[in-house]
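What follows is a single structure, written as C-alpha cells, with notes after it.
The values are calculated or read from the model by the stated rules, or taken from the named source; none is laboratory data. Keep in mind that what you see is a predicted model, and the values were worked out from it rather than measured. All Cβ positions, glycine included, derive from the backbone under ideal geometry; neighbour counts span all protein chains shown. When the accessible area is computed, the model is the full protein with side chains, heavy atoms only, and any ligands, DNA or RNA have been set aside. Shrake-Rupley method; radii C 1.70, N 1.55, O 1.52, S 1.80 Å.
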Amino acid sequence: MICKNHSLPMKLWRLEALERRVSPDCSVFGDIEESLRIVRIGDRGERSLDYYIELVSSNDLLVFYDLRLPRGEYHFQMDTVLVTPRFVLLVEVKNISGDIYFNKESKQMIRVLNNISETFPNPLLQVSQQKFQLQQFLQNYGFPNIPIYTLVVFASRHGILHIQSDDTFHLGKIISIQEFIFKYQKLNESVLGQVWSEGDLNRVSDLFIREHKPEDVDLMKRFGLKAADLMKGVHCPKCGRLGVQHKHGKWVCICGSSSKDAHVLALRDYALLIDEWIINQEARNFLGVESRHAIKRILSNFEKEGGTKGTRYNLKPLIY
C-alpha cells in the first residue's frame, strides 16, 4: 500500500520556470540548464522504480516515496522506504549513464562517459547514512528494533555497473533496476519473525506522514537572482515566443496564432518564482498588459482577498 506518494517536483518546476524566464545571456543561465538536466534525470529515475514496487506489493507492505524526516535541527531524505512487519528497506535510486566503477578500498564511485572520468558521491554510503539516521529516529519514538536494509538501484539502461567479485562492501547492495524484484523477494523470504505489530505499522505510518517536511529550495536566492532579473511577458503556446500581445480578450502572436489562456503559464511562473499571491499592478507588470480592467478580468477566476487597491489573488491552484 502506498502511504506517501511522490512529492510534487517543485524543484523541477521552478527550474523549468527559470529556464523560461532567465535570458540566455545571463551569467547563471548555463548553471540553470545543467541543474535542470540533472533534476530531470533524477526524477525519471526515481519514478521508474514504481513499476517494480507495484509488482512486489502485498497487504503488509507500506511504501513511502520522497520521505524527509527531522533529526535535530536538520532533516534527512530517503528516496523510497519500504516497511513490512519484519524489516525496513531503504532504496536509493540513481539514473546515471556510462561505465560506473566502485572502488572497494576508497569507497569511491567513478563514472566513465565519452572517455571522461568523473567522481560521484558513493550512493551506498549515502543510503547507509540514511539508515543510521532512521534507526535513531525510530528509537527516539520507542519503536521495537527492526532490521533495516539498504539497496542502491541503478535505473538507466545506459549504465554499466563494474563491481569486483571480492568487493563485499558493494556487491549485492548495488544492483540494476531489473534485479530489484528478485532481490526483494529473496530478502522477503529470508527475514523471518514479525517485529512490528499492526499497531506499530499504523503508528509509524502516521508518524512518517506527520513528521515529513518537503524541501523548499529558494532557487532565486541560490542563483543570485531577483524578480527584476526575470524576463516579463507571456509566451506563445504555439511558437514559444515571449511577448505576445493582449488584444480584445485574446493573446495574439506575430506567428499568427492566438490564445485565450496563454497567460496561465506566465502566472504559474510568477507563483513558482516570485509569490503565490499577486495584485493587479504586479500582474500588469509581469504579463505586459497596461489595462487594469483587462487584468481584473484575467484574474477574476482566482480566489481573492482584500479590497480596492489592496486586492490580491491566489495563484496556488496553478501549482498544487
- Message: Pull out all pairs, ordered by first then second residue, where Cβ-Cβ is under 8 Å, the residues are six or more apart or on different chains, the first lies in segment 248-273 and is without any contact (Cβ under 8 Å) to a residue 24 or more places away in the chain, and the second is assigned to a helix (DSSP H, G or I) and crowded, with 20+ Cβ neighbours inside 10 Å.
- Response: Trp251/His263
- Going through segment 200-220 one residue at a time, which ones are open to solvent by 70 Å² or more (accessible area, probe 1.4 Å) and either in a loop (DSSP other than H, G, I, E, B) or within 17 Å of Glu19 (Cβ to Cβ) (or both)? Lys213, Pro214, Glu215, Asp216, Asp218
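Considering only strands (runs of 3 or more DSSP E) fully contained in segment 229-320, which possess at least 1 residues that are modelled with pLDDT of 95 or more, within 23 Å of Pro9 (Cβ to Cβ) and open to solvent by less than 40 Å² (accessible area, probe 1.4 Å)?
277-279, 312-314
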- Query: List pairs: first in segment 210-239 and farther than 16 Å from Pro24 by Cα, second polar (S, T, N, Q), Cβ under 6 Å, 6+ apart or cross-chain?
  - Reply: Pro214/Ser7; Pro237/Ser259; Lys238/Ser257
- How many residues of segment 232-245 are in contact with a strand residue (DSSP E or B) (Cβ under 8 Å, 6 or more places away or on another chain) and under 21 Å from Ser291 (Cβ atoms)? The answer is 7
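Out of segment 165-177, which residues are under 20 Å from Leu82 (Cα atoms) and either without any contact (Cβ under 8 Å) to a residue 12 or more places away in the chain or surrounded by 16 or more Cβ atoms within 10 Å (Cβ to Cβ) (or both)?
If we filter segment 165-177 for residues that are under 20 Å from Leu82 (Cα atoms), which is where we start, we get 172-177.
Gly172, Lys173, Ile174, Ile175, Ile177 - these are the residues of segment 165-177 that are under 20 Å from Leu82 (Cα atoms) and either without any contact (Cβ under 8 Å) to a residue 12 or more places away in the chain or surrounded by 16 or more Cβ atoms within 10 Å (Cβ to Cβ) (or both).
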- Task: Kindly check whether there is at least one residue in segment 55-74 that is open to solvent by 30 Å² or more (accessible area, probe 1.4 Å) and assigned to a helix (DSSP H, G or I).
- Result: yes
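Do you know which residues across segment 1-10 are open to solvent by 50 Å² or more (accessible area, probe 1.4 Å) and among the basic types (Lys, Arg)? Break it down stepwise before answering.
Start the filter on segment 1-10 by keeping residues that are open to solvent by 50 Å² or more (accessible area, probe 1.4 Å), which leaves 1-2, 5, 8.
Matches in segment 1-10: none.
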- If we keep just the residues of segment 20-40 that are at pLDDT below 95 and of a type in the set (Val, Ile, Thr), which is farthest from Ser97 (Cα to Cα)? Val39
- Output yes when any residue across segment 89-96 is farther than 15 Å from His158 by Cβ, charged (D, E, K, R) and loosely packed, with under 15 Cβ neighbours inside 10 Å, and no when none is. no
- Under 9 Å between Cβ atoms, at least 6 apart or on separate chains: pull out the pairs that start in segment 140-164 with a residue that is more than 15 Å from Tyr101 (Cα to Cα) and open to solvent by less than 50 Å² (accessible area, probe 1.4 Å) and end on any residue that is assigned to a loop (DSSP other than H, G, I, E, B) and of a type in the set (Lys, Arg). Ile146/Arg86; Pro147/Arg86; Thr150/Lys173; Leu151/Lys173
- Item | Per-region count, segment 26-54, residues part of a loop (DSSP other than H, G, I, E, B), buried (at least 16 other Cβ atoms within 10 Å of the Cβ) and aliphatic (A, V, I, L, M) | 1
- Task: Determine if segment 142-163 includes at least one residue that is more than 28 Å from Val56 (Cα to Cα) and modelled with pLDDT of 95 or more.
- Result: yes
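Val39: touching a Gly at 6+ places or on another chain (Cβ under 9 Å) and either of a type in the set (Ser, Thr, Tyr) or closer than 22 Å to Leu272 by Cβ (or both), yes or no? First the steps, then the outcome.
Working: touching a Gly at 6+ places or on another chain (Cβ under 9 Å): no; either of a type in the set (Ser, Thr, Tyr) or closer than 22 Å to Leu272 by Cβ (or both): yes.
Answer is no for this residue.
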- Query: What is the number of the single condition among (1) buried (at least 17 other Cβ atoms within 10 Å of the Cβ); (2) at pLDDT 95 or above that Gly224 does not meet?
  - Reply: (1)
- Enumeration of residues in segment 11-25 that are open to solvent by 30 Å² or more (accessible area, probe 1.4 Å), outside any loop (DSSP other than H, G, I, E, B) and of a type outside the set (Lys, Arg): Trp13, Glu16, Glu19
- Candidate set: segment 107-132, residues that are touching a Leu at 6+ places or on another chain (Cβ under 8 Å) and within 21 Å of Arg68 (Cα to Cα); chosen: the one most open to solvent (accessible area, probe 1.4 Å): Lys131
